[in-house]
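Please read the structure below before turning to the comments.
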Amino acid sequence: MLDSLLSLGGLVLLRDSVEWEGRSLLKALVKKSALCGEQVHILGCEVSEEEFREGFDSDINNRLVYHDFFRDPLNWSKTEEALPGGPLGALRAICKRTDPGPVTIALDSLSWLLLHLPCTTLCQALHAVSHQDACPGDSSPVGKVSVLGLLHEELHGPGPVGALSSLAQTEVTLGSTKGQASAHILCRRPRQRPTDQTQWFSILPDFSLDLQEGPSIESQPYSDPHIPPVDPTTHLTFNLHLSKKEREAKDSLILPFQFSSEKQQALLRPRPGQATSHIFYEPDAYDDLDQEDPDDDLDI
Amino acid sequence: MFVELNNLLNTTPDRAEQGKLTLLCDAKTDGSFLVHHFLSFYLKANCKVCFVALFQSFSHYNIVGQKLGVNLTVARERGQLVFLEGLKSAVDVFFQTQEEPHPLQFLREANAENLKPLFEFVREALKPVDSGEARWTYPVLLVDDLSVLLSLGMGAVAVLDFIHYCRATVCWELKGNMVILVHDSGDVEDEENDILLNGVSHQSHLILRAEGLATGFCRDVHGQLRILWRRPLQPTAQRDQSLTYQYKIQDKSVSFFAKGMSPAVL
C-alpha cells in the first residue's frame, strides 16, 4: 500500500522521528511520481538542493523543480535573490499553473513551515492546495494535486499535529516493528472507514522502495550456529560427576521421610527386640497429685 | 582528543568526513569532555576553528586542551582559532558604543528577534582568506553550549534559525563541520529546550549522547555514551545505527567499554 499512496491525491503526511528519519521515504515517493510522468515541485527548507538531488539519476532530476528556501530563508543576506512571498507564496504560485496534469508537491519540511508560520495560515494554504478541484471560476481542467509533507513529530505539540492530521488524507508514521523499519499507514478515503496497516520496507541506495513481508523468523541475530555450546563443568576445582558405584548407591537410597510400604509395615508391627521404656517417679513432699486442683490454690 | 573515541567513531584527524553536523547532548551528567575532544581533534586536523564558548572561560578550555596536547593560546595567535569568550564579551556589550554590531547584541535588545549578528560573526571568522596558499584544511564551528542562548532569552526557533544559517554556510557552502552541545535537562516542562534539542537532532548527521547511569553515581563508571548515526533506511545499516558504551573519565583520557564490562567490575 505504500507504493499507492500518491494515487489518492490530497495531503500525505510523513511523520518521522530522530531515530527513524523520513527524508529517504520522501525522496523515494518523489522518485515514484517523477517516474509516473508527473510534475514534481519541491519546497526545500531543510537541506540543500545538492543534498536532495543526490542519489537521483539525471532523468529524474530533470523533472524535479526545486524551490530553494535553504540558503537564505529569512532573507538575512538582504539580496534580491530571495523568492517573493516566501514558501507559501511559492506554494500558491505552483497551484496557479496553467497546464493541466497531475502535480506532486513535496514539502521538506512541514515542520519548518509550522515553526515559522502561524498554524492557521499553513492549514488554510494546505487546504486550498489539496482541495483545488473544488475552487470555482476556473475554466481549465485542473489535474490531481498530491502534497507530501514531511513532519518531525517531536517538534510540535498535539494541537498543530492534530490539525495537520485532520487535513491529511493519508498519514504514514515511521518507526520500527519487531526490529525492522516499518511504516504505519492510516488512510482516510471519502465516504469510507479509515484503514490502517503496517508495512515493512527499506529504501535502496537508488531511492526505490523495497516492500517486505516482515521480519523473517529464521533470522535470529543472537544465535550463531558456528559456536559450539560451551560445557561449564570443564574447568571446575571440584567434582560434579558421579562414578557408577556412587550413582547406584544414590539411586538405591531410601529417603528418611519417604513413606514407602515397608516403612508402613514397620510402624504398624512393634519390633520384638525393643523394650518399652519405663518412667520411675518418686513424688516429693510438696507434690500434690490432686487432678482437680493442680495449682493448690483453691481455698476450699 | 581521545583515541578510543576516535576508534568508536571510526575516524582520525586525517580522514574525517566533511560537511557534517555533530550534535553532543548530555543528560544527568557533564558532557563537556566531548567538547574538549572535538576541539583538540579539529585543531590537530589543521582546521580553522571558530569556537563560540558561552559556558566556560578561555583559560578553562586552555588548561584542559594542554592535557590533550593542544595549546589554545598559540592556536589563537596563529589565526587557527577564533575564540568568542561569551563570559567576557557579554560584559563588553554594555560598555561598547552602538555603532558596531556585537555578536551578543541580543543581550542589549529587549525583543531580540534573531541571532543574525552572531551568525555574521561566525561567517566572518570562517570565511576563506584569499592568501597565496591554503593554510587550513576546512572550517569548523564549535558551540558550547546552545542551551545558554535559551537561558539568555532567545526563543528556540531563533536559535534553530541561527543553526540553520550556520549549517548553510559552514557545512554546505564551505564544506566544513559543526559540533554543537545542547543540554538535555530531562525536565518535562522545559518545552523550548526540547524543541531546540529535537530540532538540532533532526538536522544532525551524528548524535553523541552522554547519559548518567540510571542507578546513580558510580566511581568507576562515569556514564554511558550513545552514538546514533542518522543514515537512510538501508537494509545493511540496521546494526550500525546506534551503539552504546560506558565510559570512565581519567586525567588525560577517557576509556570506553561495553556495558557491564568495566574493569572494576570484572
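What to note about this one:
- Burial ordering of B:M154, A:M1, fewest other beta-carbon atoms within 10 Å first: A:M1, B:M154
- Per-residue ellipticity at 222 nm, computed for chain B from helices alone with -39500 (n - 2.57) per DSSP H run of at least four residues, works out to -9500 deg cm²/dmol.
- Under 15 Å from the Cα of B:K175 - aspartates and glutamates, other chains or at least 8 residues apart: A:E49, A:E50, A:E51, B:E17
- Whichever lysines have a C-alpha closer than 23 Å to that of A:K31, once near sequence neighbours (fewer than 8 apart) are set aside: A:K144
- Contact order relative to length of the range B:59-205, as percent, for alpha carbon pairs under 8 angstrom and 6 or more apart: 19
- For chain B, built as a Gaussian network whose Cα springs stay under 10 Å, the top-fluctuating residue of B:V157, B:V122, B:V82: B:V157
- Taken residue by residue and averaged, Cβ atoms of other chains lying within 10 Å of the Cβ of A:11-23 number 3.
- Summing charges over all other residues whose Cβ lies under 14 Å from the Cβ of A:T195, with Lys and Arg as +1 and Asp and Glu as -1, gives +2.
- DSSP-defined beta bridges in the protein assembly as shown - what % are antiparallel, rounded to 5: 40
- For the segment B:152-161, counting C-beta atoms of other chains within 10 Å of every residue's C-beta and taking the mean gives 2.
- With both residues required to sit in chain A, DSSP beta bridges show an antiparallel share near 40%.
- Among A:K263, A:K27, A:K78, residue whose mean-square fluctuation peaks in a GNM of chain A (springs only between Cα atoms under 10 Å): A:K263
- Listed residue (B:V170, B:L43, B:F257) projecting farthest to the positive dipole end of chain B, Cβ model: B:F257
- Taking the fewest neighbouring Cβ atoms within 10 Å as the starting point, the ordered list for A:H131, B:H37, B:H205 is A:H131, B:H205, B:H37.
- Comparing B:H60, B:H102, B:H164 in a Gaussian network model of chain B where C-alpha atoms under 10 Å apart are linked, the largest mean-square fluctuation is found at B:H60.
- Unit charges on C-beta of K, R, D, E only; dipole of the range B:1-60, Debye: 160
- Loop sites by DSSP among the chymotrypsin sites (Phe, Trp or Tyr not before Pro) of chain A, restricted to those with at most 13 other Cβ atoms within 10 angstrom, leave A:1-221 as the longest stretch without any of them.
- Average beta carbon contacts from partner chains per residue of B:196-203, 10 Å cutoff: 5
- Toward the positive end of the charge dipole of chain A, with +1 on the Cβ of Lys and Arg and -1 on the Cβ of Asp and Glu, the farthest Cα among A:P194, A:L6, A:T276 is that of A:L6.
- Overall, chain A carries a charge dipole of about 2980 debye about its Cα centre when +1 sits on the Cβ of Lys and Arg and -1 on the Cβ of Asp and Glu, all other atoms neutral.
- Pairs beyond 23 Å (Cα-Cα), from B:K88/B:K248; B:K48/B:K116; B:K20/B:K67: B:K88/B:K248; B:K20/B:K67
- Dipole magnitude (debye, nearest 20) for the protein assembly as shown, charges at Cβ of Lys, Arg, Asp, Glu: 3300
- Over chain A, dividing the summed -39,500 (n - 2.57) contributions of all DSSP H runs of at least 4 residues by the number of residues returns a 222 nm mean residue ellipticity of -7500 deg cm²/dmol.
The numbers here are math on the coordinates, done by the rules we state, and not lab data. Everything numeric in this text was worked out from a predicted model, so none of it was measured. A quick note on method: Cβ atoms are made from the backbone with ideal geometry, for glycine too, and the neighbour counts reach across all protein chains shown.
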